[in-house]
1. Are any of the residues in the stretch B:309-326 open to solvent by less than 10 Å² (accessible area, probe 1.4 Å) and more than 12 Å from every other protein chain (Cβ to nearest Cβ)?
2. Of B:Glu48, B:Glu94, B:Glu72, which residue is open to solvent by 40 Å² or more (accessible area, probe 1.4 Å) and either more than 20 Å from A:Ala188 (Cβ to Cβ) or modelled with pLDDT of 90 or more (or both)?
3. Looking at the stretch B:352-378, which of its residues are within 14 Å of another protein chain (Cβ to nearest Cβ) and in contact with a helix residue (DSSP H, G or I) (Cβ under 7 Å, 6 or more places away or on another chain)?
4. Take B:Ala345 and decide whether it is facing chain C (nearest Cβ under 9 Å), open to solvent by 20 Å² or more (accessible area, probe 1.4 Å) and either outside any loop (DSSP other than H, G, I, E, B) or closer than 19 Å to B:Leu429 by Cβ (or both).
5. Taking the condition part of a helix (DSSP H, G or I) and at the interface with another protein chain (Cβ under 10 Å from one of its Cβ atoms), does A:Leu115 pass?
6. With more than 9 Å from chain A (Cβ to nearest Cβ) and part of a helix (DSSP H, G or I) as the only criterion, which of C:Val289, C:Val268, C:Val277 stands out?
7. With farther than 30 Å from C:Pro80 by Cα and at pLDDT 95 or above as the only criterion, which of C:Val243, C:Val216, C:Val199, C:Val209 stands out?
8. Which members of the stretch C:33-56 meet the condition of being open to solvent by less than 10 Å² (accessible area, probe 1.4 Å), under 24 Å from C:Val179 (Cα atoms) and β-branched (Val, Ile, Thr)?
Amino acid sequence: MRDLAGRLGYLVLAATAVAYLAVYATGLGRLPTAFDYLSILNTTLPLVFVAIGQSLVVLTGGIDLSVGGTVSLCVAVTAVAVTGFEQLPLVLAIGTACGVVNGLIVAAGRIAPILATLATLPIFTGAALWVLPVPGGSIPPQIRAVLTNPDLPTGLIWLGLAVAGWLVLRRTRFGMRVYAIGSDAGAARAVGVPVERVTFGVYALSGLCCALAAVFYVSTTTAGDANAGAPFILTSIAAVVVGGVAFTGGRGSAVGAVAGAAALALVIDVLFFAGIDPLYQALFQGLFLVVAVMLGSLAMLLRRAT
Amino acid sequence: MTSTAPVPTLHTFAVRATGVDRAFGGVRALRDASFSARPGEIHALAGENGAGKSTLIKVLCGLVAPDRGRVEVNGRVATAFQELSLLPDLTVAENLLLADPPRGRLGLVRRGRLAPEARRILERFGVDHIDSRAVCADLPVSHRQVVELVRVLATEPRVVFLDEPTAALPDRQVEWLAGHMRRLRDEGCCVIFTSHRWREIERLADRVTVMRNGTHVATREKLAEAEAVTLMSGRTLGAMYPEIPPPATAGPALSFSDPGGISFDLRPGEILGVGGLAGQGQRELFLTLFGAGRPARVTVDGRPIRIRRPKDAIRAGLGIAYVPEDRKAEGLFLPLSVRDNITLATLGRRSAAGFVRRGAERAEVAGIVSRLGIAGGGAAAGTLSGGNQQKVVMARWLLADARVLLLFDVTRGVDAATKHDLYRLVAELARAGKAILYYSSETEEIAHLCHRVLVLREGRVAAELPGPVRDAERIVAAAIADGEAHA
Amino acid sequence: MRRVLYAFGAAGGVLLLGTILHPGFASWPSLQAMLVVASFTGFVAAGQMLVVLVGGIDLSIPWVLNGAAIMLTTTALGQPGRLPYALLVALAVGAAAGLANGLGVAWLGVPAVVMTLGMNGVLQGLSLGLSKGLTCATCGSYAPEPLRGLFPLGALLVWAGVALLVTVVLTLTTFGRRVYAVGVNPRAAYLAGVGVRGVTVALYTLSGVFAALAGVMLVGYGGQPSLGLGDPYLFESIAAVVVGGVSILGGRGHYAGVVAGALTLVAVTTFLQAQRVPEYGRLMIYGLVILVILLAYGRTRAHD
């Protein structure tokens, strides 16, 4: 039953995918084309990256509310400053720097993650507004062609790389320590895990993930907006939760969160093809979130009962 | 494992602490404590609960920094903690190999190798009954204890600290552990352990250090139990325990009959002891009676009653009260005032239209505080000493007019003088007609304070001894004799 | 209590700085305007504080507020006679949402972040859907005159009333005592016979009511509801609670501190506007102020 809770994300994604196929087929009288899949994939990629970073933080028992600000800042920088591939490292460095700030405040400043990142959120958002006061900017077509090509499944490669990156990370000592801290920080410290250093690293990585998300965001929307990151705060948390990562830390995986992100994106299409007024979209997303989590806690209860 | 360790000649000690002080909040856990142990010996640390043994171990292994004093260690240290340091959400294999996982090319952890590698380690220590792929939180406590010990032993340390390593172990595993402790000693390792069972200290230790009130009292090669108890408590045996008045002859205040194997009557004025080795269902019994475990059926004054939550048990007319061992987790609200702590369970009675009647409250609190001699009544509960904290919890239930008191290891972590106060309080409460169910991790207490003793094993009553038993060994013998018969 | 003084110290410091640089910054008309703006934060923060006191959090505030605001104007239809009924409906919406949050958290064991986040979505969807994106026939209604006439002094009296109510409930009643007990140590509270679940449900319900009240006051102030009316108040409420010295871990804090917290936040924003600091600078300084306050007294204790 522990496994069931851990696999919540995949089960939810599978169920959502089936629903998607069903409503698409009944609505249009045919199955979705490769183009449909690709456009879903490309629009989901930013959330996928933020969710991977968020799940790392949540696995240590923390939370990162500043993802909204970091994504906004990196979107702004990408839209304004990126004229070719050579500027992309700058964006990644800025995102990582935001994460480093969070990591320092949480690990060295001993401030609860939810408060630390609540305070840095407006700082990063402010910086984004400074870089890009009004929506605009652009991204070179050659970057678009590589990142989110609307005709070629390049997005699939990046998704694969993101998942592979996580699988590699999971197999480092750092990865094992992330789970150890989330499981019981005090005990982890007692057996020699450098809790502060790992915590710091996790927030830095979350910042890097936000930067990646920002690049993909600008690549799909072809323009920047200094408030682009705000929705990612709540959707990344939702993706992590639906993906079966335990809020108390120590249980779950970023791949689950990726599945959660994909499921959340698919739900929007399901609603669309089911002919539901898009104004009600948030209602169903909210219900989806709560019901998915209730299923998860139900699975945990059953496990305890057996 | 084949290398024979050279006996170090440079150092006559493996670990040494000199003049160490350490306080937590306002409580001084160590005061001017000194300790020294040699390589190639098994050294027992003895002392009552709260004597500072665990804190000393944490200071020696570097987990807690001393406020003052010096700590020296020669060689690699490994520690098995009393509150297990296993990570609950990780598998046995991940826990065993967290520090040094098997790695392949690129230095990546080979997750597929974790379980077999861990199985090899477990087998090396003769453990074949634990699945290395199991998640630790799912294992019974005795298995977790074994994993914790293997984790420590497998690092091939020069200094090993084992804090209460046998508390959750069945006899067979105690033998297993004893064998490994001796082997480590013979290889030149310094093994330091604490135990509540004097028999184990006698059998295993080359030397014993006795601690009391956070400081070093004596270090001996041979130490008889009677003298040890005197050294640990700071007073001679017998005088500590008050005379307990005979119970009333009235019908039972509470009857409990559990199909699982425990049933008893508890009369007003009676102190019924619950004995047995640690973790044999004592805690579950107490929580069940208080409605915090499985739903229970009890008979109070001849009326059958269902208890499903603490509220049911506390309700006037039933008046069951639970005083837990872990006051900080289960009894107290540390940042809140002593007053708030004491009156919480009886707020409804002292209120008008939902408002607390502060005058009445003040008078009642003042009365009970002076009656129990609680020092520091105006402050936050967290600033009080352990004994006074325990009295605060007792005061809460006395105000609630509890008729049945479930006292679960209430003297844990309490200094000797306050223990004495608590014993007298228990006797006095019995004299006042309260029915008392008493468990203590110090079997001595049960032997001297109780009219009758139920010895539990695996959640069942293994023996019932009429009391006062006086000789604690008889209770231990009953717990073990039965155990071996069942095993 | 010391943290409450710190919070007032912070508010006073900002006001003093403002007065030095802008004579008239702390004049009565200016102060009154700041207080009115702070009152909206004060209302939502009252509810947020109650759930934070038991270690929870309420992320459903934005759309509870927005939904209640829409409910009020579409029910009252601008007619003073319908105002009492509309008020009742609007506050009932908040209570219902809060009750559902509480039941989900206390009885079904859904983490507070998830339950209230989901509820926010549900209410957003319902608000948008039922009002057809605020284009429905009655959606153009204004808040009735008596409500709009409350500003500024009447609104401040309402805030004072809320402050008094919350403080009295928390410090003088049996319920208040139980709230702090649950916040400090839920297990011990349960073992002392406190109905932990009941207390939790009550607090979430109250949080919903206070968020709805903030919505009602905001449409009274602005005349008409808008979409996204409640969005700024989620983080603002948490910030006010934290700056006010309430421990995010639960069990510690007073509403007086939260009042000071709300004032500090509004004074900082107003001061920066007076200094003609552009929006990006206001946001960054706002975050830095919260950070400095956190570092001053929001740190968790070192590990023993």
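1. For the stretch B:309-326, residues open to solvent by less than 10 Å² (accessible area, probe 1.4 Å) and more than 12 Å from every other protein chain (Cβ to nearest Cβ): absent.
2. Result: B:Glu72 is the single residue among B:Glu48, B:Glu94, B:Glu72 that is open to solvent by 40 Å² or more (accessible area, probe 1.4 Å) and either more than 20 Å from A:Ala188 (Cβ to Cβ) or modelled with pLDDT of 90 or more (or both).
3. B:Gly354, B:Phe355, B:Val356, B:Arg357, B:Ala360, B:Glu361, B:Val365
4. Details: facing chain C (nearest Cβ under 9 Å): yes; open to solvent by 20 Å² or more (accessible area, probe 1.4 Å): yes; either outside any loop (DSSP other than H, G, I, E, B) or closer than 19 Å to B:Leu429 by Cβ (or both): yes.
In short, yes.
5. Working: part of a helix (DSSP H, G or I): yes; at the interface with another protein chain (Cβ under 10 Å from one of its Cβ atoms): yes.
Against the criterion (part of a helix (DSSP H, G or I) and at the interface with another protein chain (Cβ under 10 Å from one of its Cβ atoms)), A:Leu115 qualifies.
6. It is C:Val268.
7. So the residue among C:Val243, C:Val216, C:Val199, C:Val209 that is farther than 30 Å from C:Pro80 by Cα and at pLDDT 95 or above is C:Val199.
8. C:Thr41, C:Val44, C:Val51, C:Val52
The values are calculated or read from the model by the stated rules, or taken from the named source; none is laboratory data. Since this is a predicted model, take the numbers as computed values, not measurements. Counting neighbours? That spans all protein chains shown, and the Cβs are built from the backbone with ideal geometry, glycine included. The protein model used for the area step is the full one, side chains on, heavy atoms only, and it has no ligands, DNA or RNA in it. Shrake-Rupley method; radii C 1.70, N 1.55, O 1.52, S 1.80 Å.
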